[in-house]
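For reference, the structure is listed below as structure tokens.
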Amino acid sequence: MISQREFRTRLTRRAKKAGLAVPAGLATHLWSYFELLLRWNRKINLTAFDESSPDQALDRLLIEPLQAARHVMGGGKRIIDIGSGGGSPAIPLKLALAGSTLVMVEPKARKSAFLREAVRVLGLTDTQVESARFEELLARPELHEVLDILTIRAVTVERKTLVGLQAFLRPGGRMLLFHGTTGSDTVGDIPPPLTLEAIHPLNPDSPGNRLVILTKRVPRGTMMLDGAP
């Protein structure tokens, strides 16, 4: 287990290499999350990483979500994260985007318990944990076309899954796909109304790690709300 001082030193160094600056207050919250995650991860399998390689863990769990935040900056974002597991990218993204609301969707009971504990320990406001599959949430009309950002970390996401997930996004909303090194270099078949906005690198030491941003098209004749991207 690394100390808080070592964590800050490593976080600052990794962030600088990625072209990021992490404010002191944000670094404190990230430490609280990281330390809690490591403690729980020794008891239950929340996320796969090697504690003997802390830089890799910091990059994947913290730096990559902070990189993603650069591309969706702005206050008041309404975020939903699918398959939240150990809380990354959802929690670091929430911490980086001031004033955002967050729904974390995680069907496994033990992981949901961790997420609720993280919300409590970090004092996260406007944050809820749904212990369900995202398909179950599609039956709730209040979640249809109201969210600004949807995040999911997966090697590949099937077309059928994308069709379901886009229902959560408002027109003009964005879907952030965190792809790892084992994924294909191509995005694949993108179903309408989603379109490819951009692909960004996430980690200078792992060129295969990239952020794929899909945008939900705005129907012709639709007025965009203030603050929409």
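Applying the criterion of being closer than 17 Å to ALA69 by Cβ and among the hydrophobic types (A, V, I, L, M, F, W, C) to the residues of the range 1-23, the residue that is surrounded by the fewest Cβ atoms within 10 Å (Cβ to Cβ) is ALA21.
Give LEU214, LEU165 a once-over and let me know the one that is modelled with pLDDT of 90 or more, closer than 29 Å to LEU20 by Cα and either part of a strand (DSSP E or B) or within 15 Å of the chain's Cα centre (by Cα) (or both). Break it down stepwise before answering.
On the way: LEU165 fails: closer than 29 Å to LEU20 by Cα.
Result: LEU214 is the single residue among LEU214, LEU165 that is modelled with pLDDT of 90 or more, closer than 29 Å to LEU20 by Cα and either part of a strand (DSSP E or B) or within 15 Å of the chain's Cα centre (by Cα) (or both).
Any chance the range 45-64 includes a residue that's in contact with a strand residue (DSSP E or B) (Cβ under 8 Å, 6 or more places away or on another chain) and touching a residue at least 12 places away in the same chain (Cβ under 8 Å)? Scanning the range 45-64 turns up at least one residue that is in contact with a strand residue (DSSP E or B) (Cβ under 8 Å, 6 or more places away or on another chain) and touching a residue at least 12 places away in the same chain (Cβ under 8 Å). Restricting attention to the range 1-25, the residues that are under 19 Å from the mean Cα position of the chain (by Cα), in contact (Cβ under 8 Å) with a residue 24 or more places away in the chain and part of a loop (DSSP other than H, G, I, E, B) total 3. In the set (1) touching a residue at least 60 places away in the same chain (Cβ under 8 Å); (2) in contact with a Leu (Cβ under 7 Å, 6 or more places away or on another chain), LEU122 fails one condition alone, (2).
For the range 86-113, a tally of residues being in contact with an Asp or Glu (Cβ under 9 Å, 6 or more places away or on another chain) and at pLDDT 95 or above returns 17. Of all the listed residues (THR156, THR186), the sole one being part of a loop (DSSP other than H, G, I, E, B), at pLDDT below 95 and more than 18 Å from the chain's Cα centre (by Cα) is THR186. I'd like to verify a number: residues in the range 127-159 that are in contact (Cβ under 8 Å) with a residue 12 or more places away in the chain, surrounded by fewer than 13 Cβ atoms within 10 Å (Cβ to Cβ) and among the acidic types (Asp, Glu), how many? Qualifying residue count for the region: 1.
When the range 32-55 is limited to residues that are surrounded by 14 or more Cβ atoms within 10 Å (Cβ to Cβ) and over 18 Å from GLY85 (Cα atoms), the one that is modelled with the highest pLDDT turns out to be ASP55.
The values are calculated or read from the model by the stated rules, or taken from the named source; none is laboratory data. Computed from a prediction, not measured in an experiment: that's the story for all the values here. Methodologically, a virtual Cβ is constructed for each residue, glycine included, from the backbone with ideal geometry; neighbour enumeration extends over all protein chains shown.
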